[in-house]
Ligand SMILES: Cc1cc2nc3c(=O)[nH]c(=O)nc-3n(C[C@H](O)[C@H](O)[C@H](O)COP(=O)(O)OP(=O)(O)OC[C@H]3O[C@@H](n4cnc5c(N)ncnc54)[C@H](O)[C@@H]3O)c2cc1C
């Protein structure tokens, strides 16, 4: 089996492939594992591009098995922040999204009693999602049956509500609040086009301490995954970019690298970008109406302008959180391609391993258009100049919240949508593949196909066949695929 890509999905496909007795070779264009689950070091600081929360971190969770099977959970320490995010207002108020739903409800009601109805709806949605207790296949049979029966009744009870909320976006829900700060906070807490059901589940996981932050961040997890794969005898070729999937008479027969080397294979799995797989590696020859419509109409996770700062100070006054906070700017400012009236900041003070003693890594993550940076990059000098200018501007804006910070910034680093695209190959720099919107929320119940129409022996796994993306999904996608392949071969699927 040839696997394209050593991100979470590709490495997991390799692990489950090896566990099931397949010979696997991964071809990865970068020089390291992990794909989007990555970080980089600058002058003693580590800037993390991915992990905020890892769903399934709790040993009680039905998802925890995947982290054990893939070598990520053993020995990993998780931090459970008391809050997800906070939005500071110009009027001195702060809206805090606590992980505990009861505390959250009390706080939101005190902040905006006139918004009792949407607040109660939000809390009820979290509690509905928390009621789903899925069985793990590793649990004893009786526990499994008990949980399956309970889940069935939970679906019976909440099915209608569940469907109703999948059709409501974050933006629509935010507009139900009359308090302007609460409305703002709900708009920025997560991607506005996203279905609300996702937000409910996020808070349900937080309330169950099942979405911890792993100390060390993203890269150690990617390295653990790579180690597990290699320990099982898997082979990886780095710095090998796949240009084409070779096909003969409707069957995949191997790959061609950009240096024109050809490698034959019994099966080819692409765990790389979906658009590149279907439209470049396969030349757009194996598409059906469903896939075309998906690539024509489904919205993507936005691309990012990612500014990392190494700051020579601690931020003990800023509470540890999953996603940081935002503050209002004194006046709206154009940062790169968009006017911004608030600045989101994520202080990584939950993880001392990311900065030297007494210092802190700080990330500012802003939505930014891929096309804007692509145009700038037509002239490399202008592109670089814009990046430098952006870093300087962000530091200046941070002065409004942290006076004196300009003198404390020791390192700055700017990644644009083009950086994400260059390093991971993701289409238009999308950072998590497809958004889950009311249009495609059905994929939460009925997963997408992992086979390719009209082509045998060729498969896909990873975030481009799993709307919503994320690390657990990448692993489950690879696991689901390998179960399918084992079924094709009449083998019993093994996870040990
Ligand atoms: C800022 C940010 C925050 C995030 N936060 C979280 C979080 O808190 N929790 C969470 O669960 N998830 C989070 N995610 C999402 C998560 O990182 C991704 O959904 C997941 O890593 C996707 O894994 P993947 O294997 O499907 O794809 P990728 O990671 O994109 O892997 C694809 C791999 O294929 C390789 N490749 C591409 N093209 C080729 C080619 N032609 N030849 C060879 N190799 C190729 C790439 O180099 C890459 O290694 C976050 C992502 C970002 C960017």
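The values are calculated or read from the model by the stated rules, or taken from the named source; none is laboratory data. Model, not experiment: these values are computed from the prediction. Virtual Cβ from ideal backbone geometry, glycine too; neighbours counted across all protein chains shown.
Points to keep in mind about this one:
- When segment 347-370 is filtered for residues that are free of Cβ contacts under 8 Å to residues at least 40 places away in the same chain and either under 24 Å from residue 326 (Cα atoms) or part of a helix (DSSP H, G or I) (or both), the ones remaining, listed by number, are 347, 349, 352.
- Some residue of segment 265-275 being buried (at least 22 other Cβ atoms within 10 Å of the Cβ), modelled with pLDDT of 95 or more, within 16 Å of the ligand (Cβ to nearest atom) and assigned to a helix (DSSP H, G or I): yes
- For segment 48-60, filtering for residues that are within 14 Å of the ligand (Cβ to nearest atom), on the phi < 0 side of the Ramachandran plot and touching a helix residue (DSSP H, G or I) at 6+ places or on another chain (Cβ under 8 Å) leaves 8.
- Yes/no for residue 20 being touching a residue at least 60 places away in the same chain (Cβ under 8 Å), surrounded by fewer than 24 Cβ atoms within 10 Å (Cβ to Cβ) and within 13 Å of the ligand (Cβ to nearest atom): no
- Exactly one residue among 76, 86 is assigned to a loop (DSSP other than H, G, I, E, B) and closer than 25 Å to residue 352 by Cβ, and that residue is 76.
- Take the conditions (1) within 12 Å of the ligand (Cβ to nearest atom); (2) without any contact (Cβ under 8 Å) to a residue 60 or more places away in the chain; (3) surrounded by fewer than 16 Cβ atoms within 10 Å (Cβ to Cβ); residue 190 misses just one of them, which is (3).
Yes or no, residue by residue, for (1) away from the ligand (no atom under 16 Å from the Cβ); (2) surrounded by fewer than 21 Cβ atoms within 10 Å (Cβ to Cβ):
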| residue | (1), (2) |
| --- | --- |
| 277 | no, no |
| 290 | yes, yes |
| 311 | yes, no |
| 321 | no, no |
| 334 | yes, yes |
| 348 | no, no |
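- Flag if residue 213 is buried (at least 18 other Cβ atoms within 10 Å of the Cβ) and in a helix (DSSP H, G or I): no
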